[in-house]
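Heads up: the structure comes next, in structure tokens.
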Amino acid sequence: MPLATLSSIVELLKSKSIVVVEETEKIYGTLSREGLEYIDMLPEEKVVLLLKELGGNASIDKIESVLGKEQANIGIAWAIRRGWIVVEKGDIRLKEFKFLEEHHKMLQMFTNTREVPQALLEDRVFQELVKRKLIVLSKKRIKVVKLTISVDEALKIIEHGEGISRLTRDVIVNRLWMKAKIKPYNIEALPPIKYSGKNHFFKEFIEMLREIMESLGFSEVKDDYVIPELWNFDILFQAQDHPSRDIHDILIVEGDADLSEYIDVVERTKRVHEEGGASGSIGWGYGWSLKKASKLILRSHTTAVTARYLISYSKPPVRLYTIDRVFRRDNPDARHLPEFTNFDGVIMEEDFNFRKLLGLLSQILRHLGIKKFKFKPAYFPFTEPSVEGYGYVAGYGWIEVFGAGMFRPEVLEILGVKHPVGAWGMGVERLAMVVYGVEDIRLLFSKDIEFVRRFPIIRIDRLGGV
Amino acid sequence: MPVVRAKLSRLLGLIGIDSVDLLQDILFNLKCESEIEGEEISIEVQSDRIDMFSVEGIAYAVRLYLEMAKPSIIGITDKVFRVYVDAPVKRPYIAIAAVKNINLDEELLRDLIEFQERLHTTFGRSRRKVAIGLHDLDKLPSNTIYYRDIDIDQTFMIPLHDYRKMSIRDVLKTTEQGVVYGSISINNNMHPAILSGDEVISLPPVINSNITRLEPSTRNILIDVTGTDIKAVEAVLNAIIHTLTVYSNIVVAAEIMYPNQKLITPNLAWRKMVIDVDFISKWLGLEKEYIHSKATTALMKMGYMLNNVGEKHIEVLVPYYRSDILHQVDIVEDIAIGIGYGSITPEPVTAIEMEGERIIDRAITRALRKVLVGLGYVETNTLTMVPSKFLELIGVGDFIKIVNSPSMEMDALRNSLLQSLLILLVNSQHLVLPIKLFEIGDVILRCDECYNKWVNEQRIAWVIMDSEIKFEEIHADLYVILRELMLDGIAAIKRCSRTSFINGRCGCIEIDGEVIGVIGELDPEILLKIGIEYPVAGVELSVDKLSTILKPRKN
């Protein structure tokens, strides 16, 4: 078990008074390399034994030549100190000696590291060996964990806790709860932090819009983000020099689309732009460029999607919508992002008209929970009449909800549509910000997971409307 | 959208009313949003109504709507200018007129200059399409005017607010306007100029000469408009005349002599248009009887004159200053505005049966979102736009780059959803672990054989980041998903290797031999590169491929 885990368990047991922890300091001794060498014979013993062999007398030089200078010096010094020899004019004479039994026993004791008993610390021989650095001392702090309860009690705890803390099947069926008390919890303490899995509130808002549209019989359509300018502008009768087509407003990517499979639409677009075609319009009166229409961009609105689908869904009744990302060359701030969400729809009926469009818009507004609303004349290049829907939201006042209108006859001719079409579009983020009381559009897009994790689910569900 | 700012009192005075609420209400109906701040009113006008780009134009439209004024025709008083055009290569068209007997003052002069700038920046496409010069007529050297390209080294002028005569080259080089607009119409060393009595009076679209400078004491104003589109040039001249005729009706015209045709400007004729009553009725959804009872008043409130109101047709005259009328539908809108949108009763549409086309997609995404939330994942909403430097850092290729992105942080589109989730995780390491995220969203893939080169694919991805990862967890979650989609017996995981994943801890999810997704643990080297210190495991599946597989099964 890792030490960290062990200490935390010990702390826990301590807090429950099941154990006490005693902390002591202990001294350990162990032989040095030198001590290990002398374990059988100390240098002074070697000196006197050599002298004895040599007949009790020898010169210092002779001793040094046999034992080596270092050993000889240490040995001679200690032998003199012990009174075993006398030195006179370079000669050594043996007096008397006895083996150092006690020293050897002591050295033996510390061949492996061991605790030094208190009594030994006062021992003269031990002190001498320490002083001569034959025994090295070290200190260690030791924690001793001791049970404060009987071993029997401890075993019981191992089986049931101090009382039963976790209910298990075993506890229940074996009726252990009758033998041991079910331990109370500290029910007032704070739990660890957990987060619920949850849907993103903005995605849920989009889901709500989808459900509204489905209830009115609209089908969702989708298209790619990278499209030629043709779908984004030209089929909507926006002149090629219109300021909203400037590279300061739209995001462009490299390359051109191959429009050869859309030759019919291209022909009609050219005709209507240049001189109105058969739509009854005078057109824009300029030379329309296929090259400009082929340029690839990131779509800047989703009317590009719904309008394009009308080319293939030209028989009424048609009800289509799309909710998807669009891109514009805006600098990110609290109100703008270069990528955001559009909600667009088209409706085609044999006898569709402006009054019905206002009716449909009112229905959508009511589904959104907006009960007070008004319509204002507006301008969009591809609808006539054009209208903006304003809704009244408590705390915000009148807010613009969407732009809408009847597709211009020029647009219908380009699309190859023979019946009136109503269309609307809106920025989803603006409305969601009002609905959820979020002041900064960037908060709708995840950067800070904590914002989503902590966004209460009770605030997400707006099926009751705005 | 252009914004017209004016003193509230001046605007109310021009209209002849004193109720601010009434003013704002009428503006609302005329497509204008207005805001009042102290003494000032800011009015956002529609970009196609250039006749309302001036305070006077707005006032006139409001007077008409309130029936305080009746549409009336203005004639040309005199024709004194003769303009010889040798069409400049880059700027071939010109229109000229004058309005006499105006009491100009400081305020009016300032408003006029602002009006001119509004026309320049929006309708004039920053002077590229149309540019305007305003002159003091009394300072004009001669009524004979020339418009042609001149040599910029051989021709000299005194630019506006200067006193030195300098070469056109120097005007283009040294004046502020020269630097900004000098490149628009220059053709090698030739540049368009308007001359009168041997003097350059204007260098369109750059700057006027100082000799005909307008002053608060000016009484007679000469207007020149030049550009690349003759319709736009005439429309702008008419809009200016419309504004000035609030002060005086004395309009002086010019004969414009092109090499092979002669035009008179301004053309103040009202265009005749016939509207089909049947079309009005069908388009607006209003009874013909109702239309007949309302149309006359409605049209006059919007400034039209009526030639004839018949059973089947209404013949109207379109004001000379309305350049936005392309089709009878534009007049139909004005009828609706004249009646008032508030007076048109909305007719609800009845719900119809939905077409089934995309129902299966909705069913799949709904199921995926439900299951992952149930498994404890938090849904995110990320941008498709990601920094290209991030993609390059983790060794991703084949992604689309945006040419003119406003920010380095958003200059590419992701080609895998995990990329967006990883970026989120980088910023979330201080948060309580584990972090479990998922998202359904689009990625953009290269498609060389597609007409638009890059196509969307809808994907789902989920990730776990924790202090230690149990692979079984994310693996088990994948099987939950497969089971809930009834694909558990059909899908198989085959060992494979993918960038960003640990070799040996990465599997491809296959159905009928087609790879529909990937599962694995992220390579520690990649994690450290992007600054993630915790292990991450993830799954990414193609929702589009799932739906192709499930469609036949479900039907």
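The values are calculated or read from the model by the stated rules, or taken from the named source; none is laboratory data. Keep in mind that what you see is a predicted model, and the values were worked out from it rather than measured. No Cβ is skipped: glycine too gets one built from the backbone with ideal geometry, and neighbour counts run over all protein chains shown.
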For B:ILE275, state whether it is within 14 Å of chain A (Cβ to nearest Cβ), within 30 Å of B:ASP330 (Cβ to Cβ) and outside any helix (DSSP H, G or I).
-> yes
Name the pairs: first residue in segment A:242-256 and within 8 Å of chain B (Cβ to nearest Cβ) and under 16 Å from B:MET410 (Cα atoms), second residue polar (S, T, N, Q) and crowded, with 16+ Cβ neighbours inside 10 Å, Cβ to Cβ under 7 Å, at least 6 apart or on different chains?
-> A:LEU251/B:SER405
Would you pick out the residues in segment B:462-506 that are without any contact (Cβ under 8 Å) to a residue 40 or more places away in the chain and touching a helix residue (DSSP H, G or I) at 6+ places or on another chain (Cβ under 6 Å)?
-> B:ASP488, B:ALA491
Of everything in segment A:351-370 that's in a loop (DSSP other than H, G, I, E, B) and at the interface with another protein chain (Cβ under 10 Å from one of its Cβ atoms), which residue is farthest from A:HIS301 (Cα to Cα)?
-> A:ASP351
If we scan segment B:303-318, do we find a residue that is within 11 Å of chain A (Cβ to nearest Cβ) and under 23 Å from A:ASN353 (Cα atoms)?
-> no
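Before we move on, is B:GLU347 more than 29 Å from the chain's Cα centre (by Cα), over 30 Å from B:PRO524 (Cβ atoms) and not assigned by TED's automatic domain parsing to the domain that holds B:LEU317? Talk me through it step by step, then tell me what you get.
Working: more than 29 Å from the chain's Cα centre (by Cα): yes; over 30 Å from B:PRO524 (Cβ atoms): yes; not assigned by TED's automatic domain parsing to the domain that holds B:LEU317: yes.
Criteria met by B:GLU347.
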Is it true that B:SER217 is modelled with pLDDT under 95, in a loop (DSSP other than H, G, I, E, B) and within 29 Å of B:ILE325 (Cβ to Cβ)?
-> no
If we keep just the residues of segment B:103-124 that are surrounded by fewer than 20 Cβ atoms within 10 Å (Cβ to Cβ) and in a loop (DSSP other than H, G, I, E, B), which is farthest from the chain's Cα centre (by Cα)?
-> B:ASN103
Any chance B:ILE339 is farther than 25 Å from A:ILE282 by Cα, surrounded by 18 or more Cβ atoms within 10 Å (Cβ to Cβ) and in contact with a helix residue (DSSP H, G or I) (Cβ under 6 Å, 6 or more places away or on another chain) | yes
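For segment B:68-79, state whether one or more residues are closer than 23 Å to B:HIS120 by Cβ, surrounded by 14 or more Cβ atoms within 10 Å (Cβ to Cβ), of a type outside the set (A, V, I, L, M) and out of contact with any Lys or Arg (no Cβ under 9 Å at 6 or more places or on another chain). Show your work before the answer.
Start the filter on segment B:68-79 by keeping residues that are closer than 23 Å to B:HIS120 by Cβ, which leaves none.
No, the conditions are met nowhere in segment B:68-79.
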Among the listed residues B:VAL225, B:VAL246, B:VAL236, B:VAL252, which satisfies the condition of being in a helix (DSSP H, G or I), of a type outside the set (Asp, Glu) and outside the structural domain of B:VAL332 (by TED's automatic domain parsing)?
-> B:VAL236
Check off (1) touching a strand residue (DSSP E or B) at 6+ places or on another chain (Cβ under 7 Å); (2) surrounded by 12 or more Cβ atoms within 10 Å (Cβ to Cβ) for A:GLY90 and give me the number that stays unchecked.
-> (2)
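Taking segment B:414-449 as the search range and keeping residues that are in a strand (DSSP E or B) and of a type in the set (A, V, I, L, M), which one is nearest to B:ARG369 (Cα to Cα)? Reasoning before the result, please.
We begin by selecting, within segment B:414-449, every residue in a strand (DSSP E or B); these are B:435-446.
Still in the running and of a type in the set (A, V, I, L, M): B:435, B:437, B:440, B:443-445.
Working: B:ILE435: 17, B:LEU437: 11, B:ILE440: 8, B:VAL443: 18, B:ILE444: 21, B:LEU445: 24 Å.
The residue in question is B:ILE440.
Rundown of residues vs (1) more than 18 Å from B:TYR84 (Cα to Cα); (2) buried (at least 23 other Cβ atoms within 10 Å of the Cβ), yes/no style:
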site: B:ALA131; (1), (2): yes, yes
site: B:HIS135; (1), (2): yes, yes
site: B:ASN143; (1), (2): no, no
site: B:VAL171; (1), (2): yes, yes
site: B:GLU176; (1), (2): yes, no
site: B:VAL180; (1), (2): yes, no
site: B:PRO192; (1), (2): no, yes
site: B:SER209; (1), (2): yes, yes
Residue hits (segment A:305-323; in a loop (DSSP other than H, G, I, E, B), within 15 Å of A:ILE235 (Cβ to Cβ) and within 11 Å of chain B (Cβ to nearest Cβ)) are A:TYR313
Could you list, in sequence order, all residues of segment A:324-352 that are crowded, with 20+ Cβ neighbours inside 10 Å and within 25 Å of A:PRO409 (Cα to Cα)?
-> A:ASN342, A:PHE343, A:ASP344, A:GLY345, A:VAL346, A:ILE347, A:MET348, A:PHE352
Name, by its number, the condition in (1) crowded, with 16+ Cβ neighbours inside 10 Å; (2) farther than 30 Å from B:ILE145 by Cβ; (3) more than 14 Å from chain A (Cβ to nearest Cβ) that does not hold for B:ASP334.
-> (3)
Among the numbered criteria (1) within 8 Å of chain A (Cβ to nearest Cβ); (2) touching a helix residue (DSSP H, G or I) at 6+ places or on another chain (Cβ under 7 Å); (3) not in a loop (DSSP other than H, G, I, E, B), which single criterion is violated by B:LEU372?
-> (2)
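Pick from B:ILE394, B:ILE400, B:ILE352, B:ILE360: which is surrounded by 15 or more Cβ atoms within 10 Å (Cβ to Cβ), at the interface with chain A (Cβ under 7 Å from one of its Cβ atoms) and not basic (Lys, Arg)? Break it down stepwise before answering.
On the way: B:ILE394 fails: at the interface with chain A (Cβ under 7 Å from one of its Cβ atoms); B:ILE352 fails: surrounded by 15 or more Cβ atoms within 10 Å (Cβ to Cβ); B:ILE360 fails: at the interface with chain A (Cβ under 7 Å from one of its Cβ atoms).
Answer to the selection: B:ILE400.
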Restricting attention to segment B:195-207, does a residue exist that is more than 20 Å from B:ALA97 (Cα to Cα), out of contact with any His (no Cβ under 9 Å at 6 or more places or on another chain) and at pLDDT 95 or above?
-> no
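Listed here are the residues, each with its yes/no results for (1) in the same structural domain as B:LEU368 (by TED's automatic domain parsing); (2) touching a residue at least 24 places away in the same chain (Cβ under 8 Å); (3) within 22 Å of B:LEU528 (Cα to Cα).
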{"residue": "B:SER416", "(1), (2), (3)": "yes, yes, yes"}
{"residue": "B:ILE423", "(1), (2), (3)": "yes, yes, yes"}
{"residue": "B:LEU431", "(1), (2), (3)": "yes, no, yes"}
{"residue": "B:ARG446", "(1), (2), (3)": "yes, yes, no"}
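Restricting to strands (runs of 3 or more DSSP E) lying wholly in segment A:375-466: which have 3 or more residues that are without any contact (Cβ under 8 Å) to a residue 60 or more places away in the chain? Working first, answer last.
Values: elements: A:383-393, A:397-407, A:421-427.
Qualifying strands (runs of 3 or more DSSP E): A:383-393, A:397-407.
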When you scan segment B:337-349, how many residues do you find that are part of a loop (DSSP other than H, G, I, E, B), at the interface with chain A (Cβ under 7 Å from one of its Cβ atoms) and in contact (Cβ under 8 Å) with a residue 24 or more places away in the chain?
-> 2
Could you list, in sequence order, the residues of segment B:1-47 that are part of a helix (DSSP H, G or I) and either under 22 Å from A:TYR379 (Cα atoms) or within 12 Å of chain A (Cβ to nearest Cβ) (or both)?
-> B:LEU22, B:LEU23, B:GLN24, B:ASP25, B:ILE26, B:LEU27, B:PHE28, B:ASN29
For segment A:274-304, which residues satisfy the criterion of being within 11 Å of chain B (Cβ to nearest Cβ) and touching a Phe, Trp or Tyr at 6+ places or on another chain (Cβ under 7 Å)?
-> A:LEU298, A:ARG299
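Taking A:LYS376, is it over 21 Å from A:VAL435 (Cα atoms) and within 11 Å of another protein chain (Cβ to nearest Cβ)?
Values: over 21 Å from A:VAL435 (Cα atoms): yes; within 11 Å of another protein chain (Cβ to nearest Cβ): yes.
Judged against the criteria, A:LYS376 is a match.
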Return yes or no: is B:TYR60 of a type in the set (Phe, Trp, Tyr), more than 16 Å from B:SER9 (Cβ to Cβ), at pLDDT 90 or above and out of contact with any Lys or Arg (no Cβ under 8 Å at 6 or more places or on another chain)?
-> yes
